[in-house]
């Protein structure tokens, strides 16, 4: 039996399946093929609880220690900071997060805006574009590459390997990409050791070589994680958000007239069409009860931010884009608030790149709406848009637009 979450239909629109699961209860067991099952968490309250529950481990090395598999993932990819638990996770996170504090990210705003304007200049010269390939992807990959010191000629290859890491139902493609990206970062680190700069990668090398707080594998793994996590989700945030704007002329006009609403719009886009459909692997270290389900020790749990963000028990009219959710009430004792979504996670693994993603998206929408007031879709039907084939990510493969008046 094939995994329905690996299907093209799920990639195109995961929300009907996720809503159907949630209608049977906020935590449901799903068959994933080859006789395996996994628990999928679709309720907002249950997802938020699960994301912070120490009994749900992300330590994949521990899980697979007595479950040998046939995969050939590079250790730098299979054992990233995302696949660790406290206190080990906290040590790695502390080293990486200095570059992503709100203050540090705010200092990047002029450079982010300059990159966005350069990309917009290139679009304006043509009059039409694929917003994913020519804007939503190049912006965050340029920003994270500059932070890490990835040379411009290498960025297309880095993006391609990163893209392949999330290929649905294509384990060989994922494994090859993991080794290519790991090998590249190993070479980049070796070269950077000979010429340290003020970039984030040089700082991590110093933590490894001077304070001996990172092993070489940890150093490579952090570099891989930062370059992948630093652009993949932001690409989809920008692409999914622009799709919502192209579908709503009134909202597009409103944001163009009042850019002060853009931060609220970014939060609503994150909620409405989350860049992450399913969070990464967790397993129960002991029997637990969650949302009325009894989860046994060793069983796999997938939390779905995409489903939780559309839970009608938490959000009124969850399938609609509304900027005024901070004054709406879905429940008398559970008022909505700006954001409130779980797209950046919750608990120890809350996305450390969230401040950077927010500022990149805000600038992206502002530049596109300001520079191209006549932007419109270049497709006859929304149904013809192509979505990436990946169960974890939620993002367009392309978004053709016309940019003229």
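Quick look at the numbers
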item: Spacing of the two label points (7 Å from each Cα toward its C-beta) at residue 254 and residue 378, in nm; result: 2.9
item: Simple label model, 7 Å out from Cα along Cβ direction - residue 194 to residue 152, nm; result: 2.2
item: Principal axis dimensions, the chain - Cα atoms, whole angstrom, descending; result: 61, 58, 39
item: Sites residue 187 and residue 65 - FRET efficiency at Förster radius 25 Å, r taken between beta-carbons, to 0.05; result: 0.25
item: For the stretch 229-371, fraction of C-alpha pairs farther apart than 19 Å, in %; result: 56
item: Separation of alpha-carbon centers, the stretch 217-294 and the stretch 376-401, rounded to whole Å; result: 16
item: Packing rank of 16-25, 263-272, where each peptide gets the mean count of other beta carbons within 10 Å, highest leading; result: 263-272, 16-25
item: Estimated inter-spin distance, residue 351 and residue 216, nm [label 7 Å along Cα→Cβ]; result: 3.3
item: Three semi-axes of the equivalent ellipsoid, the stretch 63-174, Cα gyration tensor, whole Å, largest first; result: 32, 22, 10
item: Fraction in percent of alpha-carbon pairs per bin - 10 Å, the stretch 164-301; result: 10, 24, 23, 28, 15, 1
item: Helical contribution to [θ] at 222 nm, DSSP H n ≥ 4, -39,500 (n - 2.57), averaged over the chain, rounded to 500; result: -13500 deg cm²/dmol
item: By average C-beta atoms within 10 angstrom, highest first, the peptides 141-147, 104-110, 289-295; result: 141-147, 289-295, 104-110
item: Cα-Cα P(r), the stretch 114-211, percent of pairs per 5 Å interval; result: 2, 11, 18, 18, 17, 15, 11, 6, 2, 1, 0
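Readers should treat all values here as calculations from the given coordinates under stated rules, not as data from a laboratory. Treat the numbers as computed from the prediction; the structure is a model and nothing was measured. No Cβ is skipped: glycine too gets one built from the backbone with ideal geometry, and neighbour counts run over all protein chains shown.
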